Amino acid sequence: IELCKMQNGGYLKYCDYPTSVPTNWADDHVNVPEIYGIGKEGILSSDYYIEEWDLPKDILLLCGEGHWWVAFDYRNTKDTPPIIYMDLEWGSDTLIFELAPDFETLVNGLFIYEDEE
């Protein structure tokens with residue numbers, strides 16, 4: 001809420017987050033290119049996308065592009081939800097895992113990935 005008061009969503013310069021779980025994005029990180037703002041074309045669109053892409057209920061989308069999503073996970077808690085990553089094209093199943101224990105950890109862990117090649 002405080003972040004949205006300063007800037008209501010937008011693209012991120014530090015837009016990668018480390019993970020030990022490989023995804024269709026990379027073996028060691030995922031890309032978080034933006035954070036949705038509050039509004040009709042932002043997190044308030046979550047219900048539409050949850051239905052459209054058959055996503056779990058009780059989540060709030062932070063960003064995504066249909067085949068992958070980053071979201072607050074309210075399925076097991078209403079306080080300080082963890083952040084999850086969902087990869088809908090992971091083989092024949094949907095890959096869902098905890099990306100960060102909370103939003104602050106996610107924001108503080110973002111970095112710029114530099115390919116060594």
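The values are calculated or read from the model by the stated rules, or taken from the named source; none is laboratory data. Only a predicted model underlies this, so the values are computations on that prediction, with no experimental measurement involved. Quick reminder, even Gly has a Cβ in these numbers, built from the backbone with ideal geometry, and neighbours come from all protein chains shown.
If you take the residues of region 66-117 that are assigned to a strand (DSSP E or B), of a type outside the set (Phe, Trp, Tyr) and in contact (Cβ under 8 Å) with a residue 60 or more places away in the chain, which of them is surrounded by the fewest Cβ atoms within 10 Å (Cβ to Cβ)?
Top of the filtered list is GLU89.
Yes/no matrix, rows are residues, columns are (1) more than 16 Å from GLU104 (Cα to Cα); (2) out of contact with any helix residue (DSSP H, G or I) (no Cβ under 6 Å at 6 or more places or on another chain); (3) modelled with pLDDT under 90:
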{"position": "TYR36", "(1), (2), (3)": "no, no, yes"}
{"position": "LYS40", "(1), (2), (3)": "yes, yes, yes"}
{"position": "SER46", "(1), (2), (3)": "yes, yes, yes"}
{"position": "PRO56", "(1), (2), (3)": "yes, yes, no"}
{"position": "LEU61", "(1), (2), (3)": "no, no, no"}
{"position": "GLY66", "(1), (2), (3)": "yes, yes, yes"}
{"position": "PHE72", "(1), (2), (3)": "no, yes, no"}
